[in-house]
Amino acid sequence: MTLQVKTSATASGQALDAPMFDPAAFRLTAEQAEIIARARELGQSVFAGRAASYDRDAIFPTENYKDLHRAGLLGIAIPKAHGGFGADYQTYALAAAEIGRYCGATALTWNMHVCSTLWSGPLADDLDMDEATRADHERRRAIHYKRIIEDGAIYSQPFSEGGAAAAGGVAFGTEAKPVKGGWLVNGKKIFASLAGHADYYGVLCTEVAEGEKASRRNTLYLAVPATTAGVSVVGDWDPLGMRGTVSRTLLFKDVFVGEDAALMPRGVYFQAAQRWPHMFLTLSPTYMGLAQAAFDFTVRYLRGEVPGMPPVKRRMYPTKQIAVAQMQIKLEQIKSIWFQAVTEARANPTKEQVLRAYAAQYSAMEGANELAALAIRTCGGQSMLKSLPLERIYRDSRCGSLMLPWTAELCLDRIGREALYEPGETDD
């Protein structure tokens, strides 16, 4: 697919923001830079203007998804042979950060969609499958990719169930019973982003045959059509932040899905969770973008350049200058470790790389909110008005450290334990 994007201005003539990660400084290819610039322009020129209404009314950004489809970005990680951009993990992460810079809810839900193609595409290509299994996987994923490229189908990724399954501790409680031609799915997913708005729910569930005990090794990744009998969306959605994600509860009652619904073959998700841990780092780009957004707003506010506000400069005060310096240092620290982590994403990473991934996740999720809090203190009372984006950035950024499977608490726990113990070591 040929990419053509503007590099200096949006469609309305507004100056295009500088990239978060300069292509020359961070040694990106021209193709990577074009994909990321496309995401940045769409975010700045279109998504930023809609973000407040999605947040205020807690409604899903449907219009943004139509724009993502038109821009080819629903297929960012779909292989070129199937009509997508063929972006690797790093490219996707950088593009997602740019979208998160302008609308956190769009970036976070887009991640759920893209992961269905990232996991079944370049990630699965790194994993072990015999020839027959790989051929069958290629045939099946082509079905899913065609829906996305041609029809703009939206996939979600309901994960959480309220227990230890989403953190990788036990088998998923949502179960898939093998039947002729496919499976019967029963269970519940909570905080299911895109609930009621996705065309397919990429459900992680446990395949359980009669008389067998549930095991994480038997995790299936199935694309359940939203219109299938037995699928229902329940509960209200009125949270602190990330309101546009519409993460309601999904119920599955004797839902039949055919064999072609599998986004990964049997056993491959478990293999991925063991060998490709960076697959769980994909929530972080949204918060990397929010961290940048908090800094961007502060600079514009102090320079008197916030649209719709009087051009009053506040940059001459030493206290403001010191605060901006502190924010710049914090932002660069987060960007550095995060960029390194997404660049290292691969199968079979080293222990050091896994520890760095945990540290990057923690740094982005906690650091984004720390920067937003400092931005509010620095900009003062007007920055808390809902007519300005900073209070939304603050609320959205507070949600990051809570998100499974790598919450801030779990990252700290794993860093401490895995730094001090080698696999299999005990104190006995």
Heavy-atom surface of the stretch 32-162, accessible at 1.4 Å and reported per residue (Å²): 31 Å²
Amide N of the stretch 191-223 lying under 20 Å from the label point, which is placed 7 angstrom from the Cα of Asp260 along Cα→Cβ: 199-203, 221-223
FRET efficiency estimate (nearest 0.05) - Cβ-Cβ, Arg134 to Arg303, R0 41 angstrom: 0.15
Contact order normalised by residue count of the stretch 163-298, Cα under 8 Å, 6+ apart, percent: 26 percent
Computed helical MRE - 222 nm, the chain, DSSP H runs ≥ 4 contributing -39500 (n - 2.57), nearest 500: -14000 deg cm²/dmol
Among [x] 68, 58, 38; [y] 72, 57, 43; [z] 66, 49, 40, the entry derived from the coordinates for Cα extents along the principal axes in Å: [y]
Residues of the stretch 256-279 with amide N under 20 Å of a point placed 7 Å along Cα→Cβ from Lys180: 256-261
Label-point separation, Glu210 to Val312 (7 Å along Cα→Cβ), nm: 7.5 nm
At R0 = 22 Å, FRET efficiency that the Cβ-Cβ distance of Ala18 and Arg56 yields, to 0.05: 0.15
For the chain: relative contact order, % (alpha-carbon pairs under 8 angstrom, 6 or more apart): 15 percent
DSSP H segments from the chain that extend 27 Å or more along their own axis, Cα-based, with Kyte-Doolittle mean of -1.0 or above: 284-302, 318-343, 351-379
Listed residues Phe339, Val306, Gln328: farthest to the positive end of the dipole of the stretch 297-391 (Cβ charges): Val306
Exposure of Glu366 as accessible area (Å², to 10), given a probe of 1.4 Å and all protein chains: 40 Å²
Accessible-area value, Met384, 1.4 Å probe, nucleic acids and ligands omitted, Å²: 100 Å²
Length added when fully stretched, Glu352-Ala419, from 0.36 nm per residue minus Cα-Cα: 23.2 nm
Rounded percent of accessible protein surface that carbon and sulfur make up, the chain, 1.4 Å probe: 53 percent
Assigned charges on the beta-carbon of Lys, Arg, Asp, Glu; the chain dipole about Cα centre (debye): 1380 debye
Whole-number accessible area per residue in Å² for the stretch 318-394, which is evaluated in the context of all protein chains at 1.4 Å: 44 Å²
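The values are calculated or read from the model by the stated rules, or taken from the named source; none is laboratory data. Please read these numbers as outputs of a predicted model, since none were measured by experiment. All Cβ positions, glycine included, derive from the backbone under ideal geometry; neighbour counts span all protein chains shown. Side chains included, ligands, DNA and RNA excluded: accessible areas come from the protein's heavy atoms. Shrake-Rupley method; radii C 1.70, N 1.55, O 1.52, S 1.80 Å.
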